[in-house]
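Please see the structure below; I have some questions.
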Amino acid sequence: MPEKYSRNELGTGFIIDTDGFIITTNHMVEQTEEIKVRLSNDKEFLAQIIGRDTKTDLALIKIDANIPLTPLKLGDSDKLEVGDWVVAIGNPFGLGNTATAGIVSAKYRQLGNGPYDDFIQTDASINPGSSGGPLLNIDNEVVGINSRIFSQSGDNIGIGFAIPINMAKQLLPQLREGRIKRASLGVVVQDITPALKSKLGLETDKGALVSDVVSGGPAEKAGITRGDVILKFDGKSVRNAHDLNFAVASTPINMKVKAEIMRGNLCLNLQVRTVELKEDDDIEPLSEVPPQLGIKLQEITPEMVKNYVLPRSYGLFIVDLVDGSPAIEAGLIPGDIIIEFDKQMVDSMKTFKNMLAGVQEGDTILFLVGMEQHFLQPLK
């Protein structure tokens, strides 16, 4: 039997108030069994996780200290300009209390990690162990949270990325409550490429092109249809799909917002009411459903289509497979999309469960996955 091992991970964080709340990165704390915080005076405290957000890689932890704490002042990352001097504070390679200086190399960087990428790029040295540390401006205000580096060797080569502090400030109230809720319009959008602009006869390459609309969602109720181009949302210009996703996620839930739409040669102003986004954690997993297939599935959402560049917006997404299961023997792999079950369309988890209810042990099921057919026989 494999033995269970544990290891220590080193990261950084910074105190934001005298109650002991500390901001750090989610990837530093999400799989931890115990978190120890060592202050600059070498005093150590156990910390508890208050809230995490995988989408922005932010986490809020807390210590109960019996000594006075001095929080850092949170600045305004929107005021940063390319070329501004910044200082990164961190714990590179466990050395602790290390400061490195550099400039803001770029803003609004998207690294392909999700729809909420909006990184500050800096050449201030950020190395392993510095993740979660503060990025300070010349006024000693936090303008970013050191998050990751771009490197082929694993060491710093002058390309580091920080989460804008304004994003963290916006999420702090929800992180304190332990759960992040985001708004949704119920649309799948994409950038307007030169090819799409020519093919669809669009007058501009600015905006977010609506490629799919969720049936019964707020966008459909507002009159938004496939092929529309969203130019403005809540009075703010939309340059691309990322802009829209970010703007919608920053909007309060159940709020009526004005959207400027281009439909052909017509410019329309529509009112759309946001709803709560169904996050991955809210999606019902399918596991141990008899007969045992050794497969875990989840319904495809518009957000998944965008985040993972899925080829279709319907069917069931294979999340994981059990070793030695009928699903693996049939040739299925994580990331496949089940479209049909015995030549019947699979449009929801409920439909899939109803179909499984009529299957007996030893029966063979015909799955259409993507454009390939797989024969799967449940375990006896």
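The values are calculated or read from the model by the stated rules, or taken from the named source; none is laboratory data. Predicted model only: the values in this text are computed from it and were never measured. Glycine gets a Cβ as well: all are built from the backbone with ideal geometry, and neighbour counts include every protein chain shown. The accessibility values were calculated without ligands, DNA or RNA, using every heavy atom of the protein model including side chains. Shrake-Rupley method; radii C 1.70, N 1.55, O 1.52, S 1.80 Å.
Of the numbered conditions (1) open to solvent by less than 40 Å² (accessible area, probe 1.4 Å); (2) outside any loop (DSSP other than H, G, I, E, B); (3) modelled with pLDDT under 85, Asn127 fails exactly one; give the number of that condition.
Single failed check for Asn127: (2).
Here's something else I'd like to know. Across region 24-38, what is the total count of residues that are over 17 Å from Ile145 (Cα atoms) and either touching a residue at least 60 places away in the same chain (Cβ under 8 Å) or open to solvent by 30 Å² or more (accessible area, probe 1.4 Å) (or both)?
Looking only at that region, the number is 6.
Could you tell me which residue of region 73-86 is farthest from Lys36 (Cα to Cα), considering only residues that are open to solvent by less than 50 Å² (accessible area, probe 1.4 Å) and in contact (Cβ under 8 Å) with a residue 40 or more places away in the chain?
My answer is Leu80.
Hey, could you check region 42-58 for residues that are open to solvent by 80 Å² or more (accessible area, probe 1.4 Å) and of a type in the set (S, T, N, Q) and say which is modelled with the highest pLDDT?
Among residues in region 42-58 that are open to solvent by 80 Å² or more (accessible area, probe 1.4 Å) and of a type in the set (S, T, N, Q), the one modelled with the highest pLDDT is Gln48.
Got at least one residue in region 208-223 being open to solvent by 50 Å² or more (accessible area, probe 1.4 Å), more than 23 Å from Arg109 (Cβ to Cβ), modelled with pLDDT of 85 or more and of a type outside the set (A, V, I, L, M, F, W, C)?
Yes, there is a match, as at least one residue in region 208-223 is open to solvent by 50 Å² or more (accessible area, probe 1.4 Å), more than 23 Å from Arg109 (Cβ to Cβ), modelled with pLDDT of 85 or more and of a type outside the set (A, V, I, L, M, F, W, C).
Right, something else. Restricting to region 130-152, name every residue that is surrounded by 20 or more Cβ atoms within 10 Å (Cβ to Cβ) and either within 13 Å of Ile165 (Cα to Cα) or more than 22 Å from the chain's Cα centre (by Cα) (or both).
Of everything in region 130-152, those that are surrounded by 20 or more Cβ atoms within 10 Å (Cβ to Cβ) and either within 13 Å of Ile165 (Cα to Cα) or more than 22 Å from the chain's Cα centre (by Cα) (or both) turn out to be Gly132, Gly133, Pro134, Leu135, Leu136, Asn137, Val142, Val143, Gly144, Ile145, Asn146, Ser147.
For the subset of region 232-272 comprising residues that are open to solvent by 40 Å² or more (accessible area, probe 1.4 Å) and aliphatic (A, V, I, L, M), which member is nearest to Asp191 (Cα to Cα)?
Checked region 232-272; the qualifying residue nearest to Asp191 (Cα to Cα) is Met262.
Filter region 104-117 down to the residues that are buried (at least 19 other Cβ atoms within 10 Å of the Cβ) and within 14 Å of Ala247 (Cα to Cα), then identify the one that is modelled with the lowest pLDDT.
Among those that are buried (at least 19 other Cβ atoms within 10 Å of the Cβ) and within 14 Å of Ala247 (Cα to Cα), it is Pro115.
Across region 159-170, which residue is nearest to Lys79 (Cα to Cα) among those that are open to solvent by less than 50 Å² (accessible area, probe 1.4 Å) and out of contact with any strand residue (DSSP E or B) (no Cβ under 7 Å at 6 or more places or on another chain)?
Result: Asn166.
Would you point out which residue out of Val229, Val305, Val275 is at pLDDT below 70, in contact with a strand residue (DSSP E or B) (Cβ under 6 Å, 6 or more places away or on another chain) and closer than 13 Å to Val187 by Cα?
Val305
A further question on this structure: Hey, could you check region 59-70 for residues that are open to solvent by less than 50 Å² (accessible area, probe 1.4 Å) and in contact (Cβ under 8 Å) with a residue 40 or more places away in the chain and say which is nearest to Val37 (Cα to Cα)?
Ile63
When region 91-101 is examined, which residues are found to be at positive phi and either at pLDDT below 80 or not in a loop (DSSP other than H, G, I, E, B) (or both)?
Passing the criteria: Phe93, Gly94, Gly96.
Among the listed residues Pro194, Pro173, identify the single one that is within 20 Å of the chain's Cα centre (by Cα) and surrounded by fewer than 16 Cβ atoms within 10 Å (Cβ to Cβ).
Result of the check over Pro194, Pro173: Pro173.
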